[in-house]
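Here is the structure we will look at.
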Amino acid sequence: MKLPSLGLACLLALSARADDWTQFRGPAGNGIATGPKLPTKLDTGSVTWAVDLPGRGLSSPVIIGDRVFVTASSGARQDRLHVLCFNLADGSLRWERQFWATGRTMTHEKISAATPSPASDGRRIFAIFSSNDCAALDLDGDLLWYRGLGRDYPNASNSLGMSSSLVVAEGVLVAQVENDSESFTAGLDAATGLNRWKIDRPKKANWTSPSLLKGADGRTLVALQSSKGVAVVEPATGKTVWSYDDGASTVPSTTVSDGKLYVPSQGLTVLEPAATGQPPKQLWRSSQMRPGTSSPLVLGDRVFTMNDGGILSCADATDGKRLWQLRLKGPFSATPVSAGGFLYCVNEKGLVQVVDPSKPDGVVVSELDLAQAVIGTPSIAAGSLFVRSDGKLWRIGRDSAL
Amino acid sequence: MLAHRPIRALCLASALTLTSASAATPSPLAGALRELREVAAEGKGNVPASAAWKRVAAADAKAVPVILAAMDGANDYALNWLRAAAETIAQREAAAGRALPVAELRKFLADVKHHPKARRFAYELIGRAEPATARALLPGFINDPGNELRREAVQERVDAAAKDVATDKAAAIAGLRSALGYSREADQVDDIAKRLTDLGEKVDLQAAFGWVTRWKLIGPFDNTGGAGFEKAFAPERSIDLAAEADGKNAKVRWVDLVTKSDYGLIDFNQPFTGLKEVTGYAYAEFWSDKARAAQVRIGTDNGWKLWVNGKFLFGREEYHRNTEVDQYRVPVELKAGSNTFLVKCTQNEQVEDWTKTWQFQLRVTDDLGTPIVPTK
């Protein structure tokens, strides 16, 4: 059989690349980019393009190949749910799909229905919203399936809004729909949207996102954080592999680095998974490293946390000893991301602050004021930082060749 | 958002025929559209719908009114499949420089029997093709049966009144009074009322929202450790307004409460003081002159359950997260004559100042939000 050469070329072009940013905090869920370096001296000339968005949102952009995907919500009741695809090169709109929310859209005024981040397996984009509506589209915007988890399970909602982002692993989309009432996590078949599994979860509002890690046998596992602690489950079955039960935050999420879990629990607690089924080993715990809304970031042998006011704390990742603190201009909700050894921190006023953490006590090397409120965590791909506000999406960085 | 009742059920039969919008000939897309309409809860029908969607989305612009017509009587899952297909066609046609069938879309929009969401989408498509045409149509939606079109037309009137304030206060007031009469969305009603109040006008917010204001309350019952939410206390077993019941610490009796609150708040802390870990019940009778579909709309940041005419309809155990008017919308079937509402309202253990509220608000409306007031 002769494959159409153009089709094959398109397929290859649209496959996930190492440089793609496939989900909240990137493909590894650790906020670290491994592709081309970003500029560190930012100024207004660093903005490659900026485009208007048709609605509000905090979700992180997802970048696959030459496309940038963003979700947004609009309407008096935030019940218009948008999935947008922009061209990476110039920010022009490639396509847009809108959906009508089937679940509750009420949120705290600071956030919106487009708070959870979408995820991609490189071939499809999966978008979830605070209403627990979940849509799967191919990269050209063709609808593959739709779920209204807030309609299917009408007490699965939060009057302050839901924010857990999606992860996809082993053909399963993991959606944490955890709240005070009908609280669950579901594993949806990525191809059909049907429930592969659905497990009850603690009845407590939870805004954290799942994290991916590798099990002892090399298979991908998913860490579900909640007020109770962390449950590590198999993505294919939802079966619990091991758990940590000493409580955890319901806002910042666990970061996985070098096989260890940096859990916002009792400050910051670092866990090393043990053999399958055995409880994890606690390596260290530090109340000094308690994160605010932002999740931890681990860069080499350093771990960083940010409090809501903008104090960036750096500790030795091996023992938790705090090494330095740097006062950034706050307040902060977004999680810092990293490329080329630098930290990119965006405060709630839209001020991007680039930090060189290799310097003693850390140094801010440049700032760029986007002059709009930014709550969501930025993304990195193609040598650029992607930042979104309620009204705009910016590409900051060089116009790299694809 | 709990109200699930398919809107425009009367259109179901005609929609299932899936004829083209302009003639009574079966659409070649009929089979595919039927697949899209058959999606249901928990992803049922997703697999055939995914294949059918590609066939529908590959159609040309003439199919758009047909797809919109297929929304009549469709469930909320199907609406999104249909919308995405119509949107895909519209964007592809626009990119190719081909025109949408604006005349057909206008005809579709004018027919208020069609699904409000489909009509609103038709309006958007008209606006993309002919912005001036859409703008000219907007004032005509001031009394529309669809929320979004109506809201925009009302807002246009509000905005016009706001411009009049400096030069013609009387005209501004008249415009706002008119807008208030047509507005059906709580936040918009609130905004218009505030504008009128700022101009020195009195606004009867209770009437504008249509709160149920006269209640019988009983409590406190226990809710230690949250156990009271699932426990059926005496009022859940039978309603006897003259009887005593075993409360949390003593015998309790029904007491009258008539709220004067602009926002219809039924405050259990008024008769029972600021208690924690307690349960209260509120009971009201509501006279309807006919049997009819309606929505009971509740706002509360306490745990709550609702029974209408003795039948449990919905409940939610969430405390002090957030509250707003029309926070929950529960579809009900009112019967002709007296209907009874029983609301259970639970208070938790939190002690912060912002967790002291132990209250709810309730109104009865049609699907659009028009208050239904008791006729006796």
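Of note:
- Filter pass, B:F221 being more than 27 Å from the chain's Cα centre (by Cα) and either of a type in the set (A, V, I, L, M, F, W, C) or not assigned by TED's automatic domain parsing to the domain that holds B:Y281 (or both): yes
- Flag for A:N155 being within 14 Å of chain B (Cβ to nearest Cβ), assigned to a loop (DSSP other than H, G, I, E, B), of a type in the set (S, T, N, Q) and buried (at least 21 other Cβ atoms within 10 Å of the Cβ): no
- Residues in segment B:157-201 that are within 29 Å of the chain's Cα centre (by Cα) and either basic (K, R) or assigned to a loop (DSSP other than H, G, I, E, B) (or both): B:R157, B:R177, B:S183, B:R184, B:E185, B:K194, B:R195, B:E201.
- Verdict on A:G229 being touching a strand residue (DSSP E or B) at 6+ places or on another chain (Cβ under 6 Å), surrounded by fewer than 20 Cβ atoms within 10 Å (Cβ to Cβ), within 30 Å of A:D189 (Cβ to Cβ) and modelled with pLDDT under 95: no
- Taken as a whole, the condition of being of a type in the set (V, I, T) and within 12 Å of another protein chain (Cβ to nearest Cβ) does not apply to A:T71.
- Being in contact (Cβ under 8 Å) with a residue 40 or more places away in the chain, aromatic (F, W, Y), buried (at least 24 other Cβ atoms within 10 Å of the Cβ) and within 13 Å of another protein chain (Cβ to nearest Cβ) is a description that applies to A:F129.
- Scanning segment B:244-266 finds no residues that are within 14 Å of chain A (Cβ to nearest Cβ) and not aromatic (F, W, Y).
- Taking the criterion of being in contact with an Asp or Glu (Cβ under 8 Å, 6 or more places away or on another chain), in a loop (DSSP other than H, G, I, E, B) and under 21 Å from A:V222 (Cα atoms), the residues of segment A:171-191 that qualify are A:G171, A:N179, A:S183, A:A190.
- Residue count for segment A:86-101 under the criterion of being over 21 Å from A:R398 (Cβ atoms) and away from chain B (no Cβ under 11 Å): the result is 0.
- In segment B:202-218, residue surrounded by the fewest Cβ atoms within 10 Å (Cβ to Cβ) [restricted to those that are within 26 Å of the chain's Cα centre (by Cα) and in a loop (DSSP other than H, G, I, E, B)]: B:D204
- Residue ID - farthest from A:A135 (Cα to Cα), chosen from residues in segment B:29-56 that are free of Cβ contacts under 8 Å to residues at least 24 places away in the same chain and at the interface with chain A (Cβ under 7 Å from one of its Cβ atoms): B:K54
- Which listed residue is more than 9 Å from every other protein chain (Cβ to nearest Cβ) and within 17 Å of the chain's Cα centre (by Cα), from A:S183, A:S163: A:S163
- Within segment B:227-242, the residues that satisfy the criterion of being hydrophobic (A, V, I, L, M, F, W, C) and in a loop (DSSP other than H, G, I, E, B) are B:A232, B:F233, B:I239, B:L241, B:A242.
The values are calculated or read from the model by the stated rules, or taken from the named source; none is laboratory data. Just so we're clear, the structure is a prediction, and the values are computed from it rather than from any experiment. Virtual Cβ from ideal backbone geometry, glycine too; neighbours counted across all protein chains shown.
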